[in-house]
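**Student:** Provided herewith is a single structure, encoded as structure tokens, for subsequent inquiry.
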Amino acid sequence: MSKKRLPPSPTPAAIVVALADAGVPLAPDELAERLALDRKARRALDDEIARLHDRGEILVNRKGQLCIAAKLDLVAGRLEGHPEGYGFLIRDDGGPDVALPAREMHKALHGDRASVRVTGTDRRGRPEGEVVEVLERAHREVVGRLHEERGVLFVVAENRRIAQDLIVPAKDRGKAKPGDVVVVEIVEYPTAEREPIARVIEVLGHATDAGIEIEIALRKHDLPFEFSKGAAAKAKKLPATVQDAERAGRVDLTGLPLVTIDGETAKDFDDAVWCERKGKGWRLVVAIADVSHYVKDGDAIDKDARERATSVYFPRRVIPMLPEALSNELCSLKPEVDRLCMVADIEITGTGEVRRYRFYPAVMHSRARLTYTEVWGWLSGPASAKDARAKALLPHLQALHGLYRALDASRSERGAIDFETVELAMVFDAQGKIAEIVPAPRNEAHKLIEECMLAANVCAADMLAKAGHPALYRVHEGPTPEKLEQLRAFLAASALSLAGGDEPSAMDYAKLLEAVKARPDFPLLQTVLLRSLQQARYRPDNVGHFGLAYEAYAHFTSPIRRYPDLTVHRAIKAVLEGKRYQPGGASWAELGEHCSMAERRADDATRDVESWLKCWYMQDKVGETFEGTVSGVASFGLFVTLDGLNVDGLVHVTELPRDYFRFDPVRHALVGERSGLSFRLADRLRVKVARVDLDQSRIDFSLADSEGASHPAVSQPLSRGDRPRVPKRNSR
């Protein structure tokens with residue numbers, strides 16, 4: 001009889017099956033015996049048990065026995081706290097969120113992973129539970145403001161979802177004073193009986209110091225902002241200029257009058273363009289900084305770049321993805337110096353269609369660092385291009401402008417969605433405080449560069465797709481069935497419909513936007529259409545870009561500031577060399593998820609900083625009246641965005657005319673039960689600044705008009721047919 005073969009190591013599935021077959025909790029030794037493990041495999045068992053425990057699939061009871069969490073009616077997930085103390089478990093298995101009262105959330109912190117037992121339902125009919133065990137801590141350090149009350153020091157976290165105060169023993173305060181913004185390290189995590197205990201490890205400054213809002217955001221959102229010693233050391237060793245040996249095997253484009261066109265404050269120039277007429281069409285050359293030549297997969301700089309995944313652009317400060325020796329120097333396509341680049345050389349027809357393209361590594365020499373304002377000045381008034389440089393560059397810029405018009409027409413033809421938005425810029429005084437908020441100038445030079453970059457990105461995606469080489473595509477999916485159903489219900493109330501059945505196209509959206517452009521409720525309709533779409537993200541499976549109406553789209557044009565672009569460059573080089581590129585240490589799917597997360601993290605951080613700066617700007621305007629638009633509707637009130645300032649504030653439901661207001665999520669409205677007054681998304685309101693809270697970056701508004709005033713601030717009562725109101729003539 002042959003000897004029974006012992007398994008080399010237990011699998012997670014085998015462990016769970018063995019526990020299920022036993023029908024009772026097992027001690028680790030009993031489980032090992034059931035799995036017939038030898039001594040070596042026994043050590044591996046401990047590791048697998050730990051992993052299953054961290055995932056919340058098994059639990060260790062008081063006797064040290066292993067239990068299947070599902071048999072104990074436990075579900076695992078991540079905790080999401082609310083500033084008022086209660087919270088929810090966002091389940092790993094995608095099941096309904098579990099409501100957790102404040103007494104249960106007190107056992108853990110927002111962001112922790114935990115096992116929760118469902119104990120019943122709350123008064124809203126949602127599953128309610130209790131925290132059984134914290135599986136993974138989300139926070140080791142927390143940023144917040146130090147306070148003192150009755151001799152007790154404590155920190156209130158800047159992340160208001162962490163509702164517990166963090167107690168700081170007097171011996172652990174360091175040099176921090178009450179009122180300081182500090183970073184604390186958690187020494188003891190919270191329990192049902194006590195608050196978390198922490199010690200101060202860094203004093204960032206006072207809450208009103210210039211730039212403190214950025215220091216807070218960096219730590220609140222766990223943004224990497226210091227390069228590792230390895231990355232810094234490697235950056236120092238980089239040459240200052242292109243070396244002769246690096247020119248080998250590259251196309252020499254130094255004779256081509258490529259130029260960069262960016263904003264006035266830009267410092268990292270990663271794209272340059274040149275264009276000429278070719279028959280009835282054009283030849284477009286888009287040269288992109290060759291970051292992949294200097295940053296190799298897995299080296300010290302690459303590890304830091306991957307962790308960051310994107311540069312973060314705060315007002316007055318940038319947290320770069322790459323060390324400045326690369327981002328602002330060696331890789332930056334600065335004027336009058338040679339630089340290595342990757343080129344998309346594209347032929348485009350007179351109707352804006354790509355006829356053919358090719359990619360190749362090259363050496364370039366930028367002729368000028370131009371700004372959008374400068375370029376548009378020359379294009380709109382050619383006579384203003386007076387000096388020799390301007391006159392030499394003008395024909396190529398005019399060719400670019402002609403190409404832009406063809407590409408823009410092609411964009412409309414294919415049905416790309418074009419939402420109208422207004423960008424605003426902050427102006428700061430000498431002390432670094434926000435002085436005013438002004439519209440950011442935007443002209444056809446901006447659009448010209450955007451269309452050139454879109455063309456290069458589309459060609460990059462097409463090349464990789466045709467080569468069958470894996471890559472990170474920039475994916476933008478259409479509406480989910482749930483969002484589409486809500487959208488159709490909303491449109492039906494406005495006597496409108498969206499074509500396309502269960503799978504509308506971007507063209508269907510574009511046609512509807514064009515059809516309603518002249519309607520007084522166009523802002524409302526555009527907002528609802530925009531919110532019905534999913535968020536763009538990075539994924540290896542190409543499902544197209546819905547909003548831009550492209551079958552394949554990838555980011556190629558910004559490798560200095562976006563990690564996905566760097567991987568696309570590496571993939572294109574691999575295809576050109578007949579090789580395959582696979583990122584080390586992660587699958588393409590994992591890398592896509594990380595880059596998408598980092599993008600959201602950066603957006604959240606910059607939004608926090610801008611909100612704080614806007615609060616600072618508004619703090620001396622309490623009592624003043626402004627016109628605004630309802631930009632969000634919730635059961636507790638209306639979010640209003642002020643005209644010309646892009647400042648958001650809340651009109652709490654208690655500030656509305658006295659009534660019981662019902663939230664209608666389909667129509668994005670609050671409707672008064674008695675009065676029939678309806679406040680809807682995109683309604684115009686006249687509001688008064690009631691309160692500005694710098695600590696919470698929050699602005700409260702009240703209605704400036706009395707109840708019943710004949711002014712567009714208050715929506716008109718609904719008719720019996722519940723029809724949407726038609727705004728008055730003066731409500732535009």
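The values are calculated or read from the model by the stated rules, or taken from the named source; none is laboratory data. In this text the structure is predicted, and so the values were computed from the model without any measurement. So basically every Cβ, Gly included, is an ideal-geometry build from the backbone, and we count neighbours across all protein chains shown.
**Student:** Any idea how many residues of segment 266-288 are touching a helix residue (DSSP H, G or I) at 6+ places or on another chain (Cβ under 9 Å) and small (Gly, Ala, Ser)?
**Tutor:** Count: 1.
**Student:** Only one of these conditions is not met by Arg103: (1) basic (Lys, Arg); (2) modelled with pLDDT of 90 or more; (3) surrounded by 14 or more Cβ atoms within 10 Å (Cβ to Cβ); (4) not assigned by TED's automatic domain parsing to the domain that holds Val181. Which number is it?
**Tutor:** (3)
**Student:** More than 26 Å from Arg55 (Cα to Cα) and assigned to a loop (DSSP other than H, G, I, E, B), is that true of Arg161?
**Tutor:** No; evaluated as a whole, the condition is false for this residue.
**Student:** Something else now. Are any residues in segment 154-186 farther than 8 Å from Gly144 by Cβ and among the small types (Gly, Ala, Ser), and if so, which ones?
**Tutor:** The answer is Ala163, Ala170, Gly174, Ala176, Gly179.
**Student:** Filtering segment 363-384 down to residues that are aliphatic (A, V, I, L, M) and more than 17 Å from Pro335 (Cβ to Cβ), which residue is farthest from the chain's Cα centre (by Cα)?
**Tutor:** Ala383
**Student:** Then there's this: Scan Ala586, Ala552 and give me the residue that is touching a Gly at 6+ places or on another chain (Cβ under 9 Å), of a type in the set (A, V, I, L, M, F, W, C) and outside the structural domain of Pro504 (by TED's automatic domain parsing).
**Tutor:** The match here is Ala552.
**Student:** So if I check each of Phe626, Phe663, which one is buried (at least 18 other Cβ atoms within 10 Å of the Cβ), over 26 Å from the mean Cα position of the chain (by Cα) and not basic (Lys, Arg)? If you could, list the steps in order and put the result at the bottom.
**Tutor:** On the way: Phe663 fails: buried (at least 18 other Cβ atoms within 10 Å of the Cβ).
Step by step, each of Phe626, Phe663 is checked, and only Phe626 is buried (at least 18 other Cβ atoms within 10 Å of the Cβ), over 26 Å from the mean Cα position of the chain (by Cα) and not basic (Lys, Arg).
**Student:** Checking Glu188 against (1) surrounded by fewer than 17 Cβ atoms within 10 Å (Cβ to Cβ); (2) in the same structural domain as Val295 (by TED's automatic domain parsing); (3) charged (D, E, K, R): exactly one of these is not met. Which one?
**Tutor:** Unmet condition: (2).
**Student:** What about Ile437, is it assigned to a strand (DSSP E or B), under 26 Å from Val375 (Cα atoms) and in the same structural domain as Tyr357 (by TED's automatic domain parsing)?
**Tutor:** Numbers: assigned to a strand (DSSP E or B): yes; under 26 Å from Val375 (Cα atoms): yes; in the same structural domain as Tyr357 (by TED's automatic domain parsing): yes.
Taking the combined requirement at face value, the residue satisfies it.
**Student:** Another one. Show the residue pairs that are 6+ apart or on different chains and have beta-carbon atoms under 6 Å apart, the first residue being within segment 675-701 and at negative phi, the second being of a type in the set (Asp, Glu) and not in a loop (DSSP other than H, G, I, E, B).
**Tutor:** Correct list of pairs: Arg686/Glu627; Ala690/Asp700; Arg691/Asp700.
**Student:** Testing Tyr617 on (1) at pLDDT 95 or above; (2) surrounded by 14 or more Cβ atoms within 10 Å (Cβ to Cβ), one condition comes back false. Which one is that?
**Tutor:** Against the list (1) at pLDDT 95 or above; (2) surrounded by 14 or more Cβ atoms within 10 Å (Cβ to Cβ), Tyr617 comes up short only on (1).
**Student:** Among Arg667, Arg684, Arg658, Arg607, which is outside the structural domain of Arg160 (by TED's automatic domain parsing), among the basic types (Lys, Arg) and in contact with a Phe, Trp or Tyr (Cβ under 8 Å, 6 or more places away or on another chain)?
**Tutor:** Step by step, each of Arg667, Arg684, Arg658, Arg607 is checked, and only Arg667 is outside the structural domain of Arg160 (by TED's automatic domain parsing), among the basic types (Lys, Arg) and in contact with a Phe, Trp or Tyr (Cβ under 8 Å, 6 or more places away or on another chain).
**Student:** Just to be sure I understand the filter: pairs with C-beta atoms under 6 Å, separated by 6 or more residues or on different chains, first member in segment 405-425 and in the same structural domain as Thr349 (by TED's automatic domain parsing), second member exposed (fewer than 15 other Cβ atoms within 10 Å of the Cβ) and assigned to a helix (DSSP H, G or I). Which pairs pass?
**Tutor:** Cβ pairs passing all conditions: Phe419/Leu530.
**Student:** Give the residues of segment 122-145 that are assigned to a loop (DSSP other than H, G, I, E, B) and either among the hydrophobic types (A, V, I, L, M, F, W, C) or within 24 Å of the chain's Cα centre (by Cα) (or both), sorted by residue number.
**Tutor:** If the condition is that a residue be assigned to a loop (DSSP other than H, G, I, E, B) and either among the hydrophobic types (A, V, I, L, M, F, W, C) or within 24 Å of the chain's Cα centre (by Cα) (or both), then Arg137, Ala138, His139, Arg140 are the ones that fit.
**Student:** Among the residues of segment 31-56, which ones are assigned to a loop (DSSP other than H, G, I, E, B), without any contact (Cβ under 8 Å) to a residue 60 or more places away in the chain and buried (at least 17 other Cβ atoms within 10 Å of the Cβ)?
**Tutor:** Residues satisfying the conditions are Leu35, Leu37.
**Student:** If you check Ala430, Ala461, which single one turns out to be in contact with a strand residue (DSSP E or B) (Cβ under 7 Å, 6 or more places away or on another chain) and either of a type outside the set (Lys, Arg) or part of a helix (DSSP H, G or I) (or both)? Explain how you work it out, then say what you get.
**Tutor:** Values: Ala430 fails: in contact with a strand residue (DSSP E or B) (Cβ under 7 Å, 6 or more places away or on another chain).
Answer to the check: Ala461.
**Student:** Which pairs turn up if I take residues in segment 514-531 that are at negative phi and look for partners that are of a type in the set (Asp, Glu) and assigned to a loop (DSSP other than H, G, I, E, B) with beta carbon separation below 8 Å, at least 6 apart in sequence or on another chain?
**Tutor:** Taking only residues 6 or more apart or on different chains, the pairs are Leu524/Asp683; Gln526/Glu420.
**Student:** Another one. So, in segment 233-276, of the ones that are in contact (Cβ under 8 Å) with a residue 60 or more places away in the chain and of a type in the set (S, T, N, Q), which residue ends up surrounded by the most Cβ atoms within 10 Å (Cβ to Cβ)?
**Tutor:** For segment 233-276, the residue satisfying everything is Thr260.
**Student:** What are the residues in segment 203-223 that are modelled with pLDDT of 95 or more and surrounded by fewer than 17 Cβ atoms within 10 Å (Cβ to Cβ), if any?
**Tutor:** Within segment 203-223, Val203 is the sole residue that qualifies.
**Student:** Moving on to the next point. Give the residues of segment 22-36 that are modelled with pLDDT of 75 or more and either closer than 23 Å to Ala69 by Cα or not assigned by TED's automatic domain parsing to the domain that holds Arg55 (or both), sorted by residue number. Talk me through it step by step, then tell me what you get.
**Tutor:** Within segment 22-36, the subset modelled with pLDDT of 75 or more is 25-36.
Once the filter is applied, which keeps residues that are modelled with pLDDT of 75 or more and either closer than 23 Å to Ala69 by Cα or not assigned by TED's automatic domain parsing to the domain that holds Arg55 (or both), segment 22-36 yields Pro25, Leu26, Ala27, Pro28, Asp29, Glu30, Leu31, Ala32, Glu33, Arg34, Leu35.
**Student:** Right, next: Give the residue, chosen from Val475, Val516, that is outside the structural domain of Thr371 (by TED's automatic domain parsing) and either crowded, with 20+ Cβ neighbours inside 10 Å or closer than 30 Å to Trp376 by Cα (or both).
**Tutor:** On inspection, the qualifying residue turns out to be Val475.
**Student:** Go through (1) under 21 Å from Glu195 (Cβ atoms); (2) crowded, with 17+ Cβ neighbours inside 10 Å one by one and return the number of the condition Arg91 breaks.
**Tutor:** For Arg91, the failing item is (1).
Residue by residue, here is whether (1) within 17 Å of Asp122 (Cα to Cα); (2) not assigned by TED's automatic domain parsing to the domain that holds Asp112 holds:
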| position | (1), (2) |
| --- | --- |
| His53 | no, yes |
| Gly56 | no, yes |
| Leu59 | no, yes |
| Lys63 | no, yes |
| Gly77 | no, no |
| Gly87 | yes, no |
| Asp92 | no, no |
| Asp97 | yes, no |
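**Student:** If you don't mind, there's one more thing I want to ask. Whether any residue in segment 383-394 is touching a His at 6+ places or on another chain (Cβ under 6 Å) and either surrounded by fewer than 14 Cβ atoms within 10 Å (Cβ to Cβ) or outside any loop (DSSP other than H, G, I, E, B) (or both) is what I want to check.
**Tutor:** Scanning segment 383-394 turns up no residue that is touching a His at 6+ places or on another chain (Cβ under 6 Å) and either surrounded by fewer than 14 Cβ atoms within 10 Å (Cβ to Cβ) or outside any loop (DSSP other than H, G, I, E, B) (or both).
**Student:** If the Cβ limit is 7 Å and pairs must be 6+ apart or interchain, which residue in segment 481-494 that is in contact (Cβ under 8 Å) with a residue 24 or more places away in the chain and part of a helix (DSSP H, G or I) pairs with which residue that is surrounded by fewer than 16 Cβ atoms within 10 Å (Cβ to Cβ) and of a type in the set (A, V, I, L, M)?
**Tutor:** Gln486/Val666; Ala489/Val666; Phe490/Val666
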